[in-house]
1. Could you please tell me the mean projected area of the C-alpha convex hull for chain B, averaged over all directions and given in square nanometres to one decimal?
2. Do you know the relative contact order of chain B, to the nearest whole percent, from alpha carbon pairs under 8 angstrom that are 6+ apart?
3. Taking H placed 1.01 Å from N in the peptide plane, check which residues at least 5 places from A:V208 or on another chain put their amide H under 5 Å from its amide H.
4. How do B:C223, B:C24, A:C224 rank when sorted from fewest to most other Cβ atoms within 10 Å of their own Cβ?
5. Kindly put B:V146, A:V79, B:V51 in sequence by how many other C-beta atoms sit within 10 Å of each C-beta, fewest to most.
6. For q values of 0.07, 0.10, 0.17 Å⁻¹, compute log₁₀ I(q)/I(0) with the Debye formula on a Cα-only model of chain A, without solvent.
7. With θ set to phi - 60°, apply the Karplus curve 6.51 cos²θ - 1.76 cosθ + 1.60 along region A:186-195 and write out the HN-Hα couplings as whole Hz, x wherever there is a Gly or Pro.
8. Give me the Kirkwood hydrodynamic radius of the protein assembly as shown in Å, from all C-alpha pairs, to one decimal place?
Amino acid sequence: MAVKTAEKRKAAETLVSVEAVSFAYSGHPVLSDISFEIREGEFLAVLGPNGSGKTTLLKLILGLLRPDQGGIRLMNRPVDEISDRASIGYVPQKATHIDPFFPASVREVVGLGLSSVRPWDAAGKKKEDAAVRGALAQVGMEEHLRRRIGSLSGGQQQRVFIARAIVNRPRLLLLDEPTAGVDPETVEHFYDMLGRLNREEDITIALVTHDIGIVDRNVNKVACLNRTLVYHGSHEEFCRSQAFRDLLSGGHHLVSHKH
Amino acid sequence: MGELWTLGFLQRALAAGLLLGIACAVLGVFLILKRDAMIGHGLSHVAFAGVALGLWARLLPLGLALAVSLAAAFLLVKLKERAGVHSDTALGIVSSVGMATGIILASLAKSYNASLFGFLFGEILAITPAEVALAAGLALFVIGVVVVRYRPLMSMAFHPEIAKASGVRVERLEAGLTALTAVTVVLGMKVVGVLLVSALLVIPAAAGLRAASHFKGAILISCAVAVVSVAGGLAAALYLDLPASGAIVVLSFFIFAALLVLRRKTVFK
């Protein structure tokens with residue numbers, strides 16, 4: 001069984017390829033010479049202390065920032081050349097810090113993730129309804145379809161943002177600190193939900209987080225950053241690594257590891 | 001009294017007012033959500049400079065107002081994108097320079113006269129058939145853009161970063177929205193004047209945004225508030241002998257206040 005899984009992994013397509021990427025904000029280096037890949041089926045946790053460049057890396061992968069050096073390929077194409085983003089879902093940092101009075105129902109917010117459906121014709125509307133309900137069911141929020149997004153709790157809003165990100169059935173889901181400000185019990189359910197999306201829906205996940213506890217919860221790969229890539233590999237090996245110990249002790253003295 | 005509404009100039013006033021009111025209401029929803037509510041106010045001050053330039057140069061005042069407003073809209077976008085100047089600061093600079101230039105040009109042209117006052121306070125009862133056609137074209141264009149680009153526009157207003165990551169060209173949409181606002185402001189000047197045109201962009205949309213619980217509802221309520229304000233304001237002007245522009249804006253405020261109270265009673269209690 002283990003051999004079969006390993007073979008499946010080996011054959012898995014590379015969805016993200018980060019190639020010798022460096023980036024600086026106004027001359028201040030944030031990331032230096034980062035290279036790694038995210039393969040189909042992986043659940044990758046991107047860890048690192050504050051200011052280690054985790055969010056910047058995610059924005060570079062999404063094409064929201066351009067690297068100063070190196071390049072990024074998504075689904076085997078340069079990130080700049082990808083116009084159809086339906087296969088990529090994204091939940092940004094502080095996604096739930098929205099205007100609480102924004103007049104949008106849960107249904108409308110999730111529907112925003114749909115790029116190709118035409119809601120003004122009857123068939124398109126039916127298809128859109130089915131997709132929205134399906135995505136909300138995946139995150140356990142179907143009964144809140146008609147509620148205003150601002151009336152939900154932070155944890156519920158986060159689930160709606162996940163539903164928005166997966167409504168197109170993406171191959172890749174990128175999340176930036178999705179559990180910030182969410183109570184511990186909700187965090188537990190949240191990680192379970194992500195694990196299920198990864199295993200049962202075949203969604204490859206890359207999750208930026210401060211929460212080192214994530215390595216015990218469903219992830220199978222870890223990338224640890226501290227402006228450079230200090231670790232990239234399986235989560236089992238990460239738990240035995242110096243990078244892990246450094247991160248536990250405060251994360252300010254992370255050392256380079258053999259990659 | 002009802003036969004008054006059969007008069008051509010009143011019909012034109014009503015048609016132009018309703019069409020511009022609807023265009024403003026739709027645009028206003030997106031401007032407020034983007035925290036750009038005062039852009040109409042700023043661009044109307046710039047349009048005033050264009051009008052004064054036209055009166056001074058004895059060229060089409062509305063045409064020049066349109067050109068100057070579009071240039072200012074472009075400048076606003078570039079100040080924000082390239083120079084890193086905050087939106088409200090950029091607007092403060094552009095609008096005050098526009099008003100100052102207008103005052104200087106009006107003084108040079110010795111044109112503090114009826115035509116300038118017409119642009120300052122609106123001349124809804126002197127709307128020409130050509131201006132009604134322009135207002136109809138604008139309203140249709142604005143509604144068409146919103147229908148075709150509904151999802152990207154809502155996405156941009158809701159969360160620009162998620163919109164960008166989803167492939168929405170947020171900068172291009174924002175520039176288009178600003179340019180459309182400039183055109184609307186110039187045409188709206190004739191209806192309610194430089195000083196009050198931004199009210200049509202802000203008040204009905206603010207009412208819609210506070211009263212609705214979903215996005216389409218916000219747009220529809222904004223349009224309804226604009227329609228009632230223009231028709232009611234015009235009627236008040238006619239029957240109570242009030243200035244039309246002032247009556248339209250004050251009525252829209254009363255509707256906004258009423259919706260605010262109703263919303264508080266039904267939702268927050």
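Where a number appears in this text, it was derived from the coordinates with a stated rule and is not lab data. In this text the structure is predicted, and so the values were computed from the model without any measurement. When we count neighbours, we look across all protein chains shown, and the Cβ atoms used for this are built from the backbone with ideal geometry, even at glycine.
1. It is 15.1 nm².
2. Answer for chain B is 29 percent.
3. Answer set, sorted by chain and number: A:V46, A:L175, A:D176, A:E177.
4. With the sparsest Cβ surroundings first, the list reads B:C223, A:C224, B:C24.
5. Ascending Cβ contact count within 10 Å gives the list B:V146, A:V79, B:V51.
6. So the normalised log intensities are -0.25, -0.51, -1.39.
7. 5, 4, 4, 4, 5, 5, 4, 4, 5, x
8. 25.7 Å
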